[in-house]
Amino acid sequence: GEDVEQSLFLSVREGDSSVINCTYTDSSSTYLYWYKQEPGAGLQLLTYIFSNMDMKQDQRLTVLLNKKDKHLSLRIADTQTGDSAIYFCAETGGSQGNLIFGKGTKLSVKP
Amino acid sequence: DSGVTQTPKHLITATGQRVTLRCSPRSGDLSVYWYQQSLDQGLQFLIQYYNGEERAKGNILERFSAQQFPDLHSELNLSSLELGDSALYFCASSAPSGAATQYFGPGTRLTVL
């Protein structure tokens with residue numbers, strides 16, 4: 001079935017780049033998404049990429065998509081302590097349009 | 001602020017009880033999605049409504065039901081509550097066309113004692 005996998009933890013130093021990786025299974029997903037969840041808060045849409053694109057850049061965020069390997073990554077440049085949160089990768093669930101989420105990667109940024 | 005509102009923010013109730021969670025989508029959005037977030041299951045899709053009609057169903061228990069009203073707000077009804085229903089319940093909405101990107105509300109934290 002459809003599945004999205006992410007590593008659970010990532011720790012970086014302030015000012016470094018963070019790279020969060022994700023693999024997905026549904027090759028028919030039209031869009032792939034990254035959401036951010038801070039403690040006690042809802043899900044904030046960070047960015048998304050259309051499946052026919054390889055890369056999308058939005059300020060400090062860079063999304064890379066390797067459709068052949070079904071691999072998605074999110075790079076955060078110049079990571080700040082305010083970037084500490086859980087990051088979720090999501091794909092659209094086939095024809096239904098609902099999102100299928102990974103378990104989330106907890107990013108810890110050390111000063 | 002995503003523009004999606006959910007009430008209440010917190011809900012504490014007892015096993016066997018019934019509760020109703022409310023969601024108002026962003027202005028202009030016709031689709032409403034409900035998701036459950038728990039520690040063991042992660043984020044799971046429950047159900048989707050589009051302009052008042054049920055569009056898709058996910059891992060929604062028979063004890064749970066939802067509806068979308070003519071003003072497009074939606075309610076998720078949870079009945080015969082069990083301890084395992086304790087979770088964060090999110091509502092999301094999306095526009096009728098384009099990327100159909102889902103914008104999430106702040107969630108309702110349900111605690112069943």
### Message
Quick check on B:Gln48: is it in contact with a strand residue (DSSP E or B) (Cβ under 9 Å, 6 or more places away or on another chain) and either buried (at least 18 other Cβ atoms within 10 Å of the Cβ) or at pLDDT below 95 (or both)?
### Response
yes
### Summary
B:Gln67 vs (1) more than 10 Å from every other protein chain (Cβ to nearest Cβ); (2) at pLDDT below 95: all pass except (2)
### Query
Inside segment B:75-113, can you point out the residues that are more than 14 Å from every other protein chain (Cβ to nearest Cβ) and within 20 Å of B:Glu54 (Cβ to Cβ)?
B:Glu75, B:Leu76, B:Asn77, B:Leu78, B:Ser79
### Matching residues in segment A:27-46 - criterion: being under 25 Å from B:Val4 (Cβ atoms), more than 13 Å from the chain's Cα centre (by Cα) and surrounded by fewer than 18 Cβ atoms within 10 Å (Cβ to Cβ)
A:Thr30, A:Glu38, A:Pro39, A:Gly40, A:Ala41
#### Entry: Filter result (crowded, with 20+ Cβ neighbours inside 10 Å and either in contact with a helix residue (DSSP H, G or I) (Cβ under 8 Å, 6 or more places away or on another chain) or acidic (Asp, Glu) (or both)) within segment A:68-87
A:Ile76
### Task
Go through segment B:5-41 and count every residue that is modelled with pLDDT under 95, under 18 Å from B:Leu83 (Cα atoms) and in contact with a strand residue (DSSP E or B) (Cβ under 6 Å, 6 or more places away or on another chain).
1
### Query
Out of segment B:34-64, which residues are away from every other protein chain (no Cβ under 14 Å) and of a type in the set (Lys, Arg)?
B:Arg63
### Message
Which of the numbered conditions does B:Arg26 fail, given that it passes all the others? Conditions: (1) surrounded by 13 or more Cβ atoms within 10 Å (Cβ to Cβ); (2) in contact (Cβ under 8 Å) with a residue 40 or more places away in the chain; (3) assigned to a strand (DSSP E or B).
### Response
(3)
### Task
Kindly establish whether A:Ile49 is of a type outside the set (Ser, Thr, Tyr), buried (at least 16 other Cβ atoms within 10 Å of the Cβ) and within 11 Å of another protein chain (Cβ to nearest Cβ).
yes
### Query
Based on what the data block shows, is A:Thr30 within 14 Å of chain B (Cβ to nearest Cβ) and in contact with an Asp or Glu (Cβ under 7 Å, 6 or more places away or on another chain)?
no
### Message
So for segment A:56-67 (the condition being farther than 21 Å from B:Tyr103 by Cβ and either touching a residue at least 40 places away in the same chain (Cβ under 8 Å) or within 14 Å of chain B (Cβ to nearest Cβ) (or both)), does at least one residue qualify?
### Response
yes
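The values are calculated or read from the model by the stated rules, or taken from the named source; none is laboratory data. Computed from a predicted model, the values in this text were never measured in an experiment. Glycine gets a Cβ as well: all are built from the backbone with ideal geometry, and neighbour counts include every protein chain shown.
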